[in-house]
Amino acid sequence: MELRTKWNEKTELVQQAFEQAFTLAENVKDELGQYVTIEKEIDILKSQQKNWQQNRFEIVIVGEFSTGKSTFINALLRKEVLPSKVTPTTATVNFIRHLDDGPGRELAVVHFQDGKTVDVSFDELDEYVTEMSKKLEVSSQVKYVDIFIDSPYLKDGVVLVDTPGLQALHPEHERITKEQIKKSNASILLFNLEQPGKQTEFKFLRELADSIDRIFFVGNRLDGVPEDQIQEVIDILEGALKQNDYQSVPVDRAKLYPLSALQALKSRDTNVKTKHWENTPVEELFSQSRFGNFEQQLESYLFDGEKAQDLLRAPYLSILNFYSELGRKLAEVKELVAGQIDIEQLEAQQQRLMDEIELRKIQLKNDIMQLKNLFQDEIRASEQDFNSRFDKLVDDIKESVNQVISNEELEEMIQHEILSFNNRYELLFTQSVDDLAGRLNDVMRQRLDGFEVNVDTSTIQIDTSVKANLAIKNTKKLDIMQIREEVEAKFKAQQQDIEEDKELLKQKIEAEANLKFKQMEIDEMKKRHDEEIAFRNMLINRTSATKKEYGVIKERTLWFDKKGFRDVKNEEYDLLIEQRRRIMKENEEKLSTARREQMEAMFSSSAISSNFEDMEDFREAKRELRHQKEATYLQQVSEHVQAMDRALEKEKRRILRDLESALLTKKRDYRSFLRDLDALKIAQERITQYTEEQDQSLAESQKHLEERKQLIEQNTNEQARISEIVSNIEKVISAENARIQIEII
Ligand SMILES: Nc1nc2c(ncn2[C@@H]2O[C@H](COP(=O)(O)OP(=O)(O)OP(=O)(O)O)[C@@H](O)[C@H]2O)c(=O)[nH]1
Ligand SMILES: [Mg+2]
């Protein structure tokens, strides 16, 4: 604050010098008012004084989010005004100003993007400046906020600017921040010593190359770095400042100030709630923070450095300028009263001036008559040019639209085309206006030397909004899956038929196999039966073969003994016959059962009727069906695609129709601009203005002539008196000049 006191003393001196100059001017007006006019010079000096008084020391603080920008500003202000949280907080650009520069009480004025403003109290600040706001989307809705605070730090025109974290900067905020840095006296790029050197920080620097000599590099959160690592971190960061891929900082500017904003704030505002340093005494905390050192550096830069010197020099130079003008006028007075200038000479001069001006006026009146037609030709040519270039723009859009092959693409294309049309249209419009202005100028210059017709392009509002119904009607999309399903459904019955038929075929094949088996069984049975019976018969018939093998089995035995001739029935033979009979019966029964079963199998086999003769038939049918399905599917897809194409073409035609009629109004805009443009009137205005200026300067010089005549015609006494007044004033001026020279050095 010591330097500030000194600075204030210096500004006090500047103020006094201004007052001295104005007093002197008043003096001249009082004493010599009828001989010299210095109103113009006084006005200039007054406006220079005003500029000087409005000087601001703006300090912008930038950095990644959560590096502690808001906390840093709070520490400078010595109280916790700005919201600060662990998560991204500040969402807009905040100008922190002294309340005397605003409403005279503590208050924030929120400026919205749409131009509206609203006054809010500090308790509501969170809702208007932070990411956490529940009321607004602060970063996109709020342009900037002026926060007026009663803080000694903000006296003498100091303004602090708090900004959102670099990586999430809204484009409008980025624009304001950069612009502000360019015109500010000092900016601070805050690093986080705990996570030093992010890419975004250096990238950001790159765009501020020409402000680098006014940027201070500060490393915050010193308290989080272990004592033995502090120097290492500083070295790394300073090294990165000197050399990195984006924007290297000149060696003499690449100094890093390490500090802890939170410690400083805590030591200055006991209401600050943090879990750290509960029991550390305030002085110790502040000294740990190393905040004091940087604060002093900043202050000496602002109030004692080269920039400060420049600031002081400017008003003094204005005052010196004023004195030299005054001196010139007074010197002339002196010459006149000393009889060094001849009155007739002065009058002849004035007459020449009058004649010249009169002649020029007459010439101008003649020339302007001829301009009208020439202008008209140029305007017509300009319209033709515009129209043909405009048609080209429309053709380009048409071509692009025609090349579109899908609905989605159409939508995207239209948006893109309109955007690009708007840009190109705006360019075309301004170019055409500029061209026309150039052509009119050429004409004017050829006719009237030294005159320019200025078509004021800044007032031309180019409406680039294209009002047409360009919403794409959502025609059906190609849904392959759905078409698949539809085709499947369509062939479902046929598919089922085939499957059923296949089932029948399977059953039939089984039944036939069964029948075959039965026949084989019967054949086998018959064979066995015949063999057995043949064998029995062989035994019974006593063939020579059986005789040898089994002996002879006779039906009866006849022999002759004492008792006479005997004829005995052979029991074994009967048994054999009986066996044969039984076997035949049994086999017959078995055979008939088998025959019955065979019949049954035959019936069931013939009852099953399938369309398929065999499995190959089934496979063939299946193949056929698959081919049919595939063909149907392809046909349907192609029908869909064709329908979509037709819809797209229709949509394109509609869009183009709407677009063309909308664009046509844009074309007419230029025509109506031309119709409203009264070039001749502009030319005439310029000429009128010129003649008025000439008349005015003629009047001034006439007045000056009168003043001088008066001086020359005064009696010698009066002349002596005037001469003395002038000498006295000259003395004051030269004393003041000398004093200011010293101040400047
Ligand atoms: N330990 C420590 N914490 C700090 C320091 N400075 C700030 N903080 C804490 O870091 C967090 C972020 O601080 P802010 O001041 O909100 O940081 P900012 O840069 O304004 O953040 P944004 O507005 O989100 O870009 C808060 O929790 C602060 O208390 C410091 O020097 N030391
Ligand atoms: Mg912040």
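The values are calculated or read from the model by the stated rules, or taken from the named source; none is laboratory data. Since the model is a prediction, treat every value here as computed from it, not as a measurement. Because the Cβ atoms are built from the backbone with ideal geometry, glycine has one as well, and the counts that use them run over all protein chains shown. Just so you know, the surface numbers come from the protein's heavy atoms only, side chains and all, with ligands and any DNA or RNA stripped out. Shrake-Rupley method; radii C 1.70, N 1.55, O 1.52, S 1.80 Å.
Points worth noting:
- So Asn423, is it open to solvent by 80 Å² or more (accessible area, probe 1.4 Å) and farther than 30 Å from Ala643 by Cα: yes
A quick yes/no check of all residues on (1) at pLDDT below 95; (2) within 16 Å of ligand 2 (Cβ to nearest atom); (3) outside any strand (DSSP E or B):
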| residue | (1), (2), (3) |
| --- | --- |
| Thr37 | yes, no, yes |
| Ile42 | yes, no, yes |
| Gln48 | yes, no, yes |
| Val60 | yes, yes, no |
| Phe65 | yes, yes, yes |
| Phe72 | no, yes, yes |
| Ala75 | no, yes, yes |
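- Residue in the range 176-191 that is over 27 Å from the mean Cα position of the chain (by Cα) and surrounded by fewer than 13 Cβ atoms within 10 Å (Cβ to Cβ) present: no
- Number of the condition not met by Ser248 [criteria: (1) open to solvent by 80 Å² or more (accessible area, probe 1.4 Å); (2) part of a loop (DSSP other than H, G, I, E, B)]: (1)
- When the range 160-193 is limited to residues that are modelled with pLDDT of 90 or more and farther than 13 Å from Val60 by Cβ, the one that is farthest from ligand 2 (Cβ to nearest atom) turns out to be Leu193.
- Glu283 vs. criteria in contact (Cβ under 8 Å) with a residue 12 or more places away in the chain and in a helix (DSSP H, G or I): yes
- Options Asp342, Asp385, Asp304, Asp355; residue that is within 30 Å of Asp435 (Cβ to Cβ) and either buried (at least 18 other Cβ atoms within 10 Å of the Cβ) or more than 16 Å from ligand 2 (Cβ to nearest atom) (or both): Asp385
- Residue check, Ser420 at pLDDT below 80 and either outside any helix (DSSP H, G or I) or out of contact with any Asp or Glu (no Cβ under 8 Å at 6 or more places or on another chain) (or both): no
- Among the candidates Glu718, Glu692, Glu724, the residue that is assigned to a helix (DSSP H, G or I), among the charged types (D, E, K, R) and surrounded by 12 or more Cβ atoms within 10 Å (Cβ to Cβ) is uniquely Glu718.
- Arg253 falls short of the stated requirement of being surrounded by 16 or more Cβ atoms within 10 Å (Cβ to Cβ) and charged (D, E, K, R).
- In the range 147-169, the residues that are open to solvent by 20 Å² or more (accessible area, probe 1.4 Å) and touching a His at 6+ places or on another chain (Cβ under 8 Å): Asp150, Lys155
- Candidate set from the range 54-96 (those that are surrounded by fewer than 22 Cβ atoms within 10 Å (Cβ to Cβ) and among the basic types (Lys, Arg)); member that is farthest from ligand 1 (Cβ to nearest atom): Arg56
- Residue match in the range 32-46 (condition: among the polar types (S, T, N, Q) and within 16 Å of ligand 1 (Cβ to nearest atom)): no
- Residue check for Leu32: at pLDDT 90 or above and hydrophobic (A, V, I, L, M, F, W, C): no
- In this entry, Ala381 passes the filter for residues that are closer than 30 Å to Ile418 by Cα and in a helix (DSSP H, G or I).
- Candidate set from the range 224-244 (those that are in contact with a helix residue (DSSP H, G or I) (Cβ under 7 Å, 6 or more places away or on another chain) and assigned to a loop (DSSP other than H, G, I, E, B)); member that is least open to solvent (accessible area, probe 1.4 Å): Val225
- Scan of the range 618-639 for residues that are in contact with a Lys or Arg (Cβ under 9 Å, 6 or more places away or on another chain) and open to solvent by 50 Å² or more (accessible area, probe 1.4 Å), ordered by number: Lys622
Each row is one residue, and each column tells you yes or no for (1) among the polar types (S, T, N, Q); (2) away from ligand 1 (no atom under 16 Å from the Cβ); (3) in contact (Cβ under 8 Å) with a residue 40 or more places away in the chain.
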{"position": "Ser184", "(1), (2), (3)": "yes, yes, yes"}
{"position": "Asp213", "(1), (2), (3)": "no, yes, yes"}
{"position": "Val218", "(1), (2), (3)": "no, no, yes"}
{"position": "Gln229", "(1), (2), (3)": "yes, no, no"}
{"position": "Tyr246", "(1), (2), (3)": "no, yes, yes"}
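- Scanning the range 620-635 for residues that are under 30 Å from Arg447 (Cβ atoms) and of a type in the set (Gly, Ala, Ser) turns up nothing.
- Applying a threshold of 6 Å to beta carbon distances and a minimum spacing of six or more residues, or different chains, the list of pairs starting in the range 165-180 at a residue that is at positive phi and ending at one that is open to solvent by 70 Å² or more (accessible area, probe 1.4 Å) and within 15 Å of ligand 2 (Cβ to nearest atom) is empty.
- Some residue of the range 144-156 being under 27 Å from the mean Cα position of the chain (by Cα), in contact (Cβ under 8 Å) with a residue 40 or more places away in the chain and within 16 Å of ligand 1 (Cβ to nearest atom): yes
Matching residues to (1) open to solvent by 80 Å² or more (accessible area, probe 1.4 Å); (2) assigned to a loop (DSSP other than H, G, I, E, B); (3) among the hydrophobic types (A, V, I, L, M, F, W, C):
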{"position": "Phe390", "(1), (2), (3)": "no, no, yes"}
{"position": "Ile405", "(1), (2), (3)": "yes, yes, yes"}
{"position": "Ile414", "(1), (2), (3)": "no, no, yes"}
{"position": "Asn441", "(1), (2), (3)": "no, no, no"}
{"position": "Met444", "(1), (2), (3)": "no, no, yes"}
{"position": "Ser465", "(1), (2), (3)": "no, yes, no"}
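- For the range 570-613, filtered to residues that are exposed (fewer than 12 other Cβ atoms within 10 Å of the Cβ) and assigned to a loop (DSSP other than H, G, I, E, B), the residue that is nearest to the chain's Cα centre (by Cα) is Glu613.
- Candidates Lys502, Lys527, Lys506, Lys516, filtered to the one that is of a type outside the set (Val, Ile, Thr) and in contact with a helix residue (DSSP H, G or I) (Cβ under 8 Å, 6 or more places away or on another chain): Lys502
- Close Cβ contacts (under 9 Å, 6 or more residues apart or on different chains) running from residues in the range 295-313 that are under 22 Å from Ile742 (Cβ atoms) and in a helix (DSSP H, G or I) to residues that are aliphatic (A, V, I, L, M) and open to solvent by less than 20 Å² (accessible area, probe 1.4 Å) comprise Lys307/Ala186; Ala308/Leu302; Leu312/Val14.
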